[in-house]
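The values are calculated or read from the model by the stated rules, or taken from the named source; none is laboratory data. Fair warning: this is a prediction, and the values are worked out from it, not measured in the lab. Don't worry about glycine lacking a Cβ; one is built from the backbone with ideal geometry, like all the others, and counts go over all protein chains shown. Surface areas here come from the heavy atoms of the whole protein model, side chains and all, with no ligands, DNA or RNA. Shrake-Rupley method; radii C 1.70, N 1.55, O 1.52, S 1.80 Å.
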Amino acid sequence: MATRILIAGAAGQLGSALLSEWRGGTGPHAGRVDAVGVGSAEMDVTDPAAVRAAVTRFRPRIVVNCAAYTAVDAAEADEPAAHAVNAAGAGAVARACADAGCGLVHMSTDYVFSGERCAGADGCGPDDPVDPRTAYGRSKAAGERAVRSAHPAAVIVRTAWVYTGAARPGGGDFVATMRRLEAERESVDVVDDQCGSPTYVRDLARGIAELTEVLAAGPAEPGARPGPVGRTLHAAGGGAATWYEVARAVFEELGADPDRVRACRTEDMPRPAPRPRYSVLSGGSWADAGLTPLRHWRPALAAALAAP
Ligand SMILES: NC(=O)c1ccc[n+]([C@@H]2O[C@H](COP(=O)([O-])OP(=O)(O)OC[C@H]3O[C@@H](n4cnc5c(N)ncnc54)[C@H](OP(=O)(O)O)[C@@H]3O)[C@@H](O)[C@H]2O)c1
């Protein structure tokens, strides 16, 4: 019988890409596990009884927790709402998994960092100090602590700047927005002083699928290098870019003049939540755990914009 994996937050950007990765027709992970997705209606992570009921009902080998309160600006005005899902909710999922004896992959974020430059040459590593400057970041950092304390074997995966590139009702991610603005406006102003790790959601889903399958396969052979169990890992697109550089690349891929994108500063675009100036995530921990590195952000962006 195929290994059962339960995806919480399955209607979201990453959760739905992960379901497609396992249930879709062609990729390397298609059909390798019995993936079941639940949204907040079936498994509200703020309701510990509902979480336990879902884990008992589906009896997964591993839960991948993609459920989160991700409205970064709204969280500044309602931090308790972010904590309910991202901290208390994450803890409830971890306790239910630990009690049921199932594994857990818990998703987290670059916003746990302060946004000051990290010491590593290729970005922030899992051991760099956590010092969030936003309500969302504080709630996710509290969630990491709750997960680690309730389920020491859980794998916490931080990612960053995730995009699908596809328009969604009620908005869309940065790449989708740039795609739309290229058609609507002569020029676009984009900040050039925030540097991060653009991450194509399909690449991230493929990486999370690989990680989950490694965990489901059980302990490594004696003498093998340490695997991912119990670790905090960073999974994000390779390289680094500013939002301005990403926007220019979107225009280039669309065959438009990238000079129609104009650089501006963060101060020119005030937002309720301060954005990290530097939150590049190093891929070192991911490779060190024996997992396939995510490709560089630039070819990934080209693939996203070419995707049907
Ligand atoms: N997107 C990014 O750029 C980014 C960057 C770094 C880290 N991350 C992390 O990656 C993970 C996935 O993010 P995403 O981009 O896929 O987020 P998303 O598109 O906003 O999806 C989050 C999902 O969480 C669900 N959810 C919200 N409250 C819930 C609750 N109380 N109980 C159960 N489910 C609930 C939502 O489902 P309903 O609609 O059913 O409520 C939604 O489908 C999160 O941990 C996020 O913090 C994302």
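Quarter the surface of the alpha carbon convex hull of the chain and you get the mean projected area, 15.9 square nanometres. When each of the peptides 33-42, 150-159 is scored by how many other beta carbons lie within 10 Å of its residues on average, the order from highest to lowest is 150-159, 33-42. Element breakdown for the range 1-142 at a 1.4 angstrom probe: carbon and sulfur atoms account for 49% of the accessible area. Need one value: the accessible area of residue 252 in square angstrom, 1.4 angstrom probe, rounded to the nearest 10. Approximately 90 Å² of residue 252 is accessible to the 1.4 Å probe.
Once the Cβ-Cβ distance between residue 252 and residue 277 is put in as r, and R0 is 41 Å, what FRET efficiency do you end up with, to the nearest 0.05? Don't jump to the answer; show the numbers that get you there.
Numbers: r = 25 Å, r/R0 = 0.60.
Calculated transfer efficiency: 0.95.
Simple rule: put +1 on each Lys or Arg Cβ and -1 on each Asp or Glu Cβ in the chain, find the dipole, and look at 118, 219, 30; the Cα lying farthest toward the positive end is 219.
Quick check on the range 1-47: take the gyration tensor over C-alpha atoms, sort the square-rooted eigenvalues as a ≥ b ≥ c, and tell me if it's rounded (a/c under 1.5), prolate or oblate. Oblate, because a/c is 1.5 or more while a/b does not exceed b/c.
In plain terms, the chain from residue 229 to residue 217 could stretch by 3.2 nm, reckoned as 0.36 nm per residue minus the Cα-Cα distance.
Efficiency by 1/(1 + (r/R0)^6): what FRET value for residue 23 and residue 267, r their Cβ-Cβ distance, R0 = 41 Å, to the nearest 0.05? Walk me through the intermediate numbers first.
Values: r = 45 Å, r/R0 = 1.09.
After rounding to 0.05, the efficiency reads 0.35.
Distance between the C-alpha centres of the range 271-288 and the range 221-269: 9 Å, rounded to the whole angstrom.
Charging the Cβ of each Asp and Glu at -1 and of each Lys and Arg at +1, and nothing else, the dipole of the chain about its Cα centre rounds to 880 debye. Test of understanding: extend the Cα→C-beta vector of residue 3 to 7 Å, then name every residue of the range 103-139 with backbone N under 11 Å from that spot. Residues 103-104 qualify, since their backbone N sits under 11 Å from the label point.
Ligands, DNA and RNA aside, residue 271 has an accessible area near 140 Å² when probed at 1.4 Å.
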